[in-house]
Amino acid sequence: MSKKIFSGVQPTGNLHLGNYLGAIKNFVELQNDKANHCIFCVVDLHAITVKQDPKELKNNIRETAATFIASGINPDNNIIFNQSMVSAHSEAAWILSCVSRIGWLNRMTQFKEKAGKDKEKASIGLYSYPVLMAADILLYDATHVPVGDDQKQHLELCRDIAQKFNNDFNAPEFLKVPEPLIQKQFSRIMSLKDGLKKMSKSDPSDLSRINLTDSKDEIVNKIKKAKTDPLPLPNNIDELVERPEAENLLGIYSSLKNKSLQNSIDEFSGKNFSEFKIELSDVLVEKIEPISKKIKELLNDEKYLDTILLEGSKKADIFASKKIKEIKELVGF
Ligand code: TYM
């Protein structure tokens, strides 16, 4: 069945292995099915919900587009664009924020995590950010949204917003209620320094993540320093419950090798981490180093990247401006 795919990645620098295994690798697989229509968005409006340096933001927008292409997304067959170039995203976000309920947003765990203790000082944008995300998806009638596990709650909210809009304006099925595409396994890659913490761009320790721009030496060094426990690798999945670092590293290995966790356990059971880490570094270098090299190569050609984003925005705008016109019509503007 043909799917309409939409997903987004924030251009906030340090795109990492979690972004790759949780989302971008899946984007590439989905675009390989010629029946699918795919739109991949550099969500720069989302990025400014926390303070950004304008020059860095500009570079990070290009770097995110370069990462999509370097990872295997073909810009000729799919739309790659940045959100701020299509004004319908901001317009739809406002209208949908008038449909969304404060109580729904108050439940968003990511806002609580990101805002931290001093919620009063967080931007309003950070609070209403999931509404903008719903606008992104609903403007394109996306049927499927590939994301990592941390975006699940935002997608549930998007479904609620779509249903409420359709109800409020007596327009059954006008906004399409999308399905999340979250991998059953390996959809939450954890920090290399703490198996209970998500791998994240904002972790102050660079050793906590493999960046998609890391060199071979950096990857090998980070895996060497990755936290483990004193036991040899386990014999079965149940033993991983109390061993989050072992589970995470085996998960990363399995995902890169397209193997089940059980298969990886069978391969390494009883072996020491030092032995396993050599294999893990090898597969990481094999998969990530070419992406890292390609990103750097693409970044040397800013004109090419800007053209991809501009052309992508023009194509995206055709869908989005039609949908926002219909939305405005329904609202009574
Ligand atoms: P962002 O930019 O934080 O992350 C981009 C994608 O990477 C996934 N991800 C992870 N997956 C597994 N393990 C991790 N440690 C990990 N860290 C990040 C995220 O789940 C995401 O899929 N709000 C979104 C961007 C967005 C969006 C959208 C997504 C805006 N509009 C519309 C889908 C549809 C975000 O901040 O992702």
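Hey, could you check the stretch 150-203 for residues that are closer than 19 Å to residue 223 by Cβ and small (Gly, Ala, Ser) and say which is farthest from the ligand (Cβ to nearest atom)?
So the residue we want is 195.
May I ask you to say which residue of 13, 8 is surrounded by fewer than 21 Cβ atoms within 10 Å (Cβ to Cβ), within 15 Å of the ligand (Cβ to nearest atom), touching a residue at least 60 places away in the same chain (Cβ under 8 Å) and not in a helix (DSSP H, G or I)?
Values: 8 fails: surrounded by fewer than 21 Cβ atoms within 10 Å (Cβ to Cβ).
On inspection, the qualifying residue turns out to be 13.
From the list 103, 125, 72, which one is on the phi < 0 side of the Ramachandran plot and in contact (Cβ under 8 Å) with a residue 24 or more places away in the chain? Show your work before the answer.
Values: 103 fails: in contact (Cβ under 8 Å) with a residue 24 or more places away in the chain; 72 fails: on the phi < 0 side of the Ramachandran plot.
Every option except 125 fails the conditions.
Of all residues in the stretch 192-204, how many are open to solvent by less than 40 Å² (accessible area, probe 1.4 Å) and either farther than 25 Å from residue 262 by Cα or free of Cβ contacts under 8 Å to residues at least 24 places away in the same chain (or both)?
Taking the stretch 192-204 as the starting set, the residues that turn out to be open to solvent by less than 40 Å² (accessible area, probe 1.4 Å) are 192, 195, 199-200, 203.
Next, only the ones that are either farther than 25 Å from residue 262 by Cα or free of Cβ contacts under 8 Å to residues at least 24 places away in the same chain (or both) stay: 200, 203.
So the answer is 2.
May I ask you to verify whether residue 249 is surrounded by 14 or more Cβ atoms within 10 Å (Cβ to Cβ) and part of a helix (DSSP H, G or I)? Show your work before the answer.
Working: surrounded by 14 or more Cβ atoms within 10 Å (Cβ to Cβ): yes; part of a helix (DSSP H, G or I): yes.
So residue 249 fits the description; yes.
Please specify each residue of the stretch 205-221 satisfying the condition of being crowded, with 18+ Cβ neighbours inside 10 Å and part of a loop (DSSP other than H, G, I, E, B).
209, 210, 212, 213, 214
Which numbered condition in (1) at pLDDT 95 or above; (2) under 30 Å from residue 197 (Cα atoms); (3) within 11 Å of the ligand (Cβ to nearest atom) is the only one that residue 114 fails?
(1)
Output the number of residues of the stretch 223-246 satisfying the condition of being part of a helix (DSSP H, G or I) and more than 20 Å from residue 278 (Cβ to Cβ). Give the derivation first.
Filtering the stretch 223-246 down to residues part of a helix (DSSP H, G or I) leaves 223-225, 237-242, 244-246.
Adding the requirement that they be more than 20 Å from residue 278 (Cβ to Cβ) leaves 237-242, 244.
Qualifying residue count for the region: 7.
If you go through the stretch 222-242 one residue at a time, how many are open to solvent by less than 30 Å² (accessible area, probe 1.4 Å) and touching a Lys or Arg at 6+ places or on another chain (Cβ under 6 Å)?
Residues in the stretch 222-242 being open to solvent by less than 30 Å² (accessible area, probe 1.4 Å) and touching a Lys or Arg at 6+ places or on another chain (Cβ under 6 Å): 2 in total.
So residue 216 fits all but one of (1) away from the ligand (no atom under 12 Å from the Cβ); (2) within 29 Å of residue 98 (Cβ to Cβ); what number is the exception?
The single condition residue 216 does not satisfy is (2).
Kindly indicate which of 309, 261, 256, 280 is closer than 20 Å to residue 28 by Cβ, of a type in the set (A, V, I, L, M) and not assigned by TED's automatic domain parsing to the domain that holds residue 174. So that I can check it myself, show each step before the final result.
Working: 309 fails: not assigned by TED's automatic domain parsing to the domain that holds residue 174; 261 fails: closer than 20 Å to residue 28 by Cβ; 280 fails: closer than 20 Å to residue 28 by Cβ.
Selected residue: 256, the only one of 309, 261, 256, 280 that is closer than 20 Å to residue 28 by Cβ, of a type in the set (A, V, I, L, M) and not assigned by TED's automatic domain parsing to the domain that holds residue 174.
Hey, any hits in the stretch 97-109 for a residue that's among the β-branched types (Val, Ile, Thr), closer than 28 Å to residue 315 by Cα and assigned to a helix (DSSP H, G or I)? Break it down stepwise before answering.
We begin by selecting, within the stretch 97-109, every residue among the β-branched types (Val, Ile, Thr); these are 99, 102, 109.
Imposing the further condition that a residue be closer than 28 Å to residue 315 by Cα reduces the set to 99.
After this cut, where a residue has to be assigned to a helix (DSSP H, G or I) as well, the list is none.
Looking through the stretch 97-109, none of the residues is among the β-branched types (Val, Ile, Thr), closer than 28 Å to residue 315 by Cα and assigned to a helix (DSSP H, G or I).
Just checking, does the stretch 57-68 include any residue being in a loop (DSSP other than H, G, I, E, B) and farther than 26 Å from residue 33 by Cα?
Filtering the stretch 57-68 down to residues in a loop (DSSP other than H, G, I, E, B) leaves none.
No, the stretch 57-68 contains no residue that is in a loop (DSSP other than H, G, I, E, B) and farther than 26 Å from residue 33 by Cα.
Tell me which of these residue 159 doesn't satisfy, since it passes every other one: (1) in contact with a helix residue (DSSP H, G or I) (Cβ under 7 Å, 6 or more places away or on another chain); (2) assigned to a helix (DSSP H, G or I); (3) closer than 19 Å to residue 327 by Cβ.
Here residue 159 clears every test but (1).
Which residues, counting only those in the stretch 45-76, are within 21 Å of residue 317 (Cα to Cα), among the polar types (S, T, N, Q) and touching a helix residue (DSSP H, G or I) at 6+ places or on another chain (Cβ under 7 Å)?
Hit for the stretch 45-76 is 74, nothing else.
Within the stretch 16-56, restricting attention to residues that are over 26 Å from residue 208 (Cβ atoms) and near the ligand (Cβ under 9 Å from one of its atoms), which residue is farthest from the chain's Cα centre (by Cα)?
Only one residue tops the list, namely 45.
Across the stretch 127-149, what is the total count of residues that are in a helix (DSSP H, G or I), more than 7 Å from the ligand (Cβ to nearest atom) and over 16 Å from residue 83 (Cβ atoms)?
So the answer is 1.
The values are calculated or read from the model by the stated rules, or taken from the named source; none is laboratory data. Small disclaimer: the values here were computed from a predicted structure and weren't measured. Here Cβ is always computed from backbone atoms with ideal geometry, including for glycine, and neighbour counts include all displayed protein chains. The accessibility values were calculated without ligands, DNA or RNA, using every heavy atom of the protein model including side chains. Shrake-Rupley method; radii C 1.70, N 1.55, O 1.52, S 1.80 Å.
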